[in-house]
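Worksheet: one structure, shown below.
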Amino acid sequence: MRKLTIIFILLMCFLFGLTLPYLFESYGPFIKNHVMGNGNQDIEDVSSEPEEKKVNDIVVKKEKIDFEQLLKKAKNQFYDSKYKESINTYIELYKSGYDRISAAKNIIAVSNYLSEESSQASSLLSNMYDDYQDSIEYNYYYAEYLYKNGDKISAEELFFHLLILLEQQDSDLSDRKKALTYYYLGDIYLNSDRENVALDFFLKGIGHEKEIVLNYTAAAKVYKSKEKYEQAISMYKTCLNQDHSMSSLYYELAVLYEKTEEILKAYNYWQRCINSGIKTDIAQQHINDIRENYPQYFEREETEEKNVFKVDWYDIIEIEPNTIFRKLKIGLQENINKLNFQSQNDFIIKYDNNIIFEGNKDTRYQINFSDNTFYIFQNGEIKKSISPDQTLKISSTNKNNLFALYNIKFGQNYFWGGVENRQYRGDIHLQPITTETVNLINYIDLSSYLLSVVPSEIYASWPQESLKAQSVVARSYIINNLNRHKNEGYDLCADVHCIVYSGVKNEHPNTNAAILATKNEVITHQGNVIDAVFSNNSGGYTEASQYVWGNSYDYLKAVNISESMDYQLPLSPHLIEEWFVEKPPSYSDNKYTINSTYRWIKSVNLEALKSRHGLQDIRGVYITDRTDIGTVKEIKIEGQNKKVVSRDSSIRRDLTGLKSNKFIIKNIYDGNKLEKIIIFGAGWGHSVGMDQTAAAGMAVKDKSYRDIINYFYLDTEITKLE
Ligand SMILES: [Zn+2]
């Protein structure tokens, strides 16, 4: 009996000794809630082996091996982009008696960064499976490893075994991983022409977790091939609803609506293809065909076009213009050659400080610019022409006047881009750039400008304190960035590059109130107005400015937005994967979070990737540099004929449109051939400064706009402009 007690105590010492280094790199509640099998399973496995011998082994090893040191080394090698070395250190850890599952998970995670499979790692993982085949956790990670590396037959077997284990055991897998398991299985079945079972798996995946959009697109593909077009449409539309950025689905939907003979809907999606730059040649051809074959649908639209100049003026609040910043110059369009507009009140056009034209309210005007000459048309008739080297200035004496401008392009190169008619406060200037083109510039005071930009940048329905925070942030950002487009002859552009500005249509009582309540308040650091950058969603951790733009600012450092602060970065390679695949709780994930921004998944279109980079074939895409916060600094796209390296802000575009630079990549092979690339990402935008979604999340938890601002911009004050 006494002997048993001693063995028990020794065993506990051994278990504690074994688990300690593992706990050291884990982050408690996140692991517990989101990653199954937190080491307990390893303890059970180990304890089934002869106890005394094992205890002695460990006692001997504990003297020699410093796990903590090795873990640190492996992690440093990983962040130094020495991936082979990092894998080798994790292998060393594994062989030294460190928690085997933990070591294996890191080996698997780092293998995603290598363009060649490590045979040592592969055989280790395979041998390990003999001991851990009843571990749900190990089955999942190892099956996924085999699936990625092209061994679909073994992967299928393991995924199936995993499903059986899930039925039998109490321990569980997160819903997101279950949905992925069904997706991987479905994909294996689809590739071997077993469509019906594949579809069944995809639907099961959807049942577990709607955010794993891969299941929707895969199910839609099966429905389409079975000629069940309505179901396919429904899958794609749900998918778009989950993730608005998946504009490549416009093409699929256009094709499907032609199949179901819903011609106007097809036309609408072809139009969206053109707006988003997707297969525009094909889309234009279809639009022409539809217009020719179904003229009856377009009669109404053409008469509407004729009446396009009837304006419903927005009902806006009257405010006093800001006296400190009276005239901001906002670039609305560059290099245009005509402008159609109307004014709500009578107006004048000035040239070289002389009034050259007086215009009437509610009347259609057009100004053309050609051969260095302005032509002013009223109701289609030329009224005036003038040859400039100067700017044409259109203004009204009514200080709350609106101008309606037609066909304003916005969001160029973005999926949400388009053309629309918009109304603006302030004056309108046409500034000659070449002999044939002018820039369209809105002259407006800071207060009026804020009424429009604040609700363009944040939802007016969000909590009032987050709107106030956004007002102060936007005011500071604007003042700090007034020189951004100096060379183009204005202060700020109207797009994402500077700050989205779409005229008065977005003005809203809630944001109006927030702007007026924080009148003239700005954020300062050591007495200077700060560059108060912000982004929609940081994924739970903001990034320091120097890792995004190269400039270091004391007030723009990385900030953890985890509500419970239960993890700190840098994470181990495996925990980075978990961070991206799962959804750790944070202020950035709340009821205001837009679908698929906190966490998102993208299957990269390989054809688009090839044509973008002039590659005949792609072997894989690899992350080659990552910051401690998780931001990807560099990737390598490896083709048969050449390698393409992309860095920093180019990466998102070079991978055919990602929401952020925070992601992991999984190259999926079939045998030796790259079959697809799946990217798991976090956040939307650059992640520096205020995370707007988290600001809303904090406001819900009773934080004031001052708390929010101080949280994101370190060592700053809120000061009134004078
Ligand atoms: Zn700009």
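Only the coordinates and a few stated rules stand behind these numbers; no lab work does. Note that the structure is predicted; figures quoted are calculated from it, not measured. In this analysis, Cβ positions are derived from the backbone assuming ideal geometry, glycine residues included, and neighbour counts consider all displayed protein chains.
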Open item on the list: Testing the spin-label approximation: label points 7 Å from Cα along Cα→Cβ at VAL197 and SER81. State their distance in nm.
Closed with: 4.3
TODO: Treat the count of other C-beta atoms within 10 Å as a stand-in for reagent exposure and order VAL548, VAL438 from fewest to most.
DONE: VAL548, VAL438
Task: Global geometry of the stretch 79-130, whether rounded, prolate or oblate, following the gyration tensor of its Cα atoms and the 1.5 cut on a/c - done: oblate
- [ ] Grab the Cα-Cα distance for ASN595 and LYS237, subtract it from 0.36 nm times how many residues apart they are, and report the gain in nm with one decimal.
- [x] 127.5 nm
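Could you list the trypsin sites (Lys or Arg not before Pro) in the stretch 389-434 that lie in coil according to DSSP, counting only those with at most 15 other Cβ atoms within 10 Å of their Cβ? Display every interim value, and only then the final one.
Working: sites: LYS393, LYS399, LYS409, ARG422, ARG425; in loops: LYS399, ARG425.
Taking the stretch 389-434 and a limit of 15 other Cβ atoms within 10 Å, the loop trypsin sites (Lys or Arg not before Pro) found are LYS399.
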Open item on the list: Using only the alpha-carbon atoms of the chain as identical scatterers, what base-10 log of I(q)/I(0) does the Debye formula give at q = 0.09, 0.11 Å⁻¹?
Closed with: -0.92, -1.24
- [ ] Any chance you could tell me what percent of the C-alpha pair distances in the stretch 195-348 go past 27 Å?
- [x] 49
TODO: For helix 229-242, report the angle its Cα long axis makes with the longest principal axis of the Cα atoms of the chain; keep it between 0 and 90° and round to the nearest 10°.
DONE: 90
- [ ] Find, among the trypsin sites (Lys or Arg not before Pro) in the stretch 231-279, those assigned to loop by DSSP (not H, G, I, E, B) with at most 16 other beta-carbon atoms within 10 angstrom.
- [x] none
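Compute the Rg to Rh ratio over the stretch 520-722 from the alpha carbon atoms, using the Kirkwood formula for Rh, and round to two decimal places.
On the way: Rg = 18.6 Å, Rh = 18.0 Å.
For the stretch 520-722, the value is 1.03.
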Open item on the list: Which log10 I(q)/I(0) values does the stretch 547-646 give at q = 0.15 Å⁻¹ under the Debye formula, counting every alpha carbon as one identical point scatterer?
Closed with: -0.85
Task: Coil-residue trypsin sites (Lys or Arg not before Pro) of the stretch 320-384, DSSP, other Cβ within 10 Å capped at 15 - done: ARG326, LYS327, LYS361
Open item on the list: With n ≥ 4 as the cut-off for DSSP H runs, can you work out [θ] at 222 nm for the chain, using -39500 (n - 2.57) per run divided by the number of residues, rounded to the nearest 500?
Closed with: -13500 deg cm²/dmol
TODO: Sort PHE347, PHE202 so the one with the fewest other Cβ atoms within 10 Å of its own Cβ comes first.
DONE: PHE347, PHE202
- [ ] Based on other C-beta atoms within 10 Å, arrange SER452, SER245, SER387 from fewest to most.
- [x] SER387, SER245, SER452
Task: Projected label distance in nm at ASN710 and ALA517, using a 7 Å step from Cα toward the beta-carbon - done: 1.8
Open item on the list: With the crude spin-label approximation of a point 7 Å out along Cα→Cβ, what separation in nm comes out for LYS228 versus ASN487?
Closed with: 5.6
- [ ] Set the Förster distance to 35 Å, then compute FRET efficiency between GLU675 and THR434 from the Cβ-Cβ distance, nearest 0.05.
- [x] 0.10
- [ ] In whole angstrom, note down how far apart the Cα centers of the stretch 164-221 and the stretch 506-543 are.
- [x] 42
Task: Distance between the stretch 563-579 and the stretch 308-368 - C-alpha centres, whole angstrom - done: 52
Task: Ordering of 464-477, 369-382, 218-231 by burial proxy (mean other Cβ atoms within 10 Å per residue, highest first) - done: 464-477, 218-231, 369-382
TODO: Give me the distance between the Cα centres of the stretch 590-661 and the stretch 68-120, rounded to whole Å.
DONE: 23
